[in-house]
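The values are calculated or read from the model by the stated rules, or taken from the named source; none is laboratory data. Keep in mind that what you see is a predicted model, and the values were worked out from it rather than measured. A quick note on method: Cβ atoms are made from the backbone with ideal geometry, for glycine too, and the neighbour counts reach across all protein chains shown. The protein model used for the area step is the full one, side chains on, heavy atoms only, and it has no ligands, DNA or RNA in it. Shrake-Rupley method; radii C 1.70, N 1.55, O 1.52, S 1.80 Å.
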Amino acid sequence: MSKKTHHVVPAQNGGWNVKKGGGERAILHTETKKEAIDKGREISKNQQSEFYIHNLNGQISQKDSHGSDKYPPKG
C-alpha cells in the first residue's frame, strides 16, 4: 500500500502550489510559501497524509507525518 502524500512545490509561473502526491494539477495555489505550508499542512492533517515541503530547486527541505504511525514511540 502506498502512502498518501501532499507536497508544497514552487509553481512554474511564480508562487507556490500544494499538490497531492502523484498528481499533475495543483489542488491549491498561493503567492507565498508560508501560506502554502500553512494550508497544505491543514489539508495533510485532515487527510492523515505525509507532508513534504520542497525548496525552489525542488529538493525536499522538510517533512511531517500526519498519518497513522505503525510504530509510535514508547514512553
*Tell me, what % of the accessible area of the chain is carbon and sulfur with a 1.4 angstrom probe?*
47
*asked:* As a test, work out the antiparallel percent of DSSP beta bridges whose residues both lie in the chain, rounded to the nearest 5.
replied: 75
*Peptides 22-29, 7-14 ordered by average Cβ neighbours within 10 Å, highest first*: 7-14, 22-29
*Roughly speaking, what is the stretch gain from Ala11 to Lys34, that is 0.36 nm per residue apart minus the C-alpha to C-alpha distance, in nm to one decimal?*
6.9 nm
*Which values, in whole Å and largest first, are the semi-axes of the equivalent ellipsoid of the chain obtained as the square root of 5 times each eigenvalue of the Cα gyration tensor?*
23, 12, 11
*Summing Lys, Arg as +1 and Asp, Glu as -1, what charge do residues with Cβ under 15 Å from the Cβ of Asn46 carry, Asn46 excluded?*
+1
*Along segment 40-54, what does the Karplus equation 6.51 cos²θ - 1.76 cosθ + 1.60 (θ = phi - 60°) give for ³J(HN,Hα), rounded to whole Hz, x for Gly and Pro?*
x, 5, 4, 4, 4, 5, 5, 9, 6, 10, 7, 10, 10, 10, 9
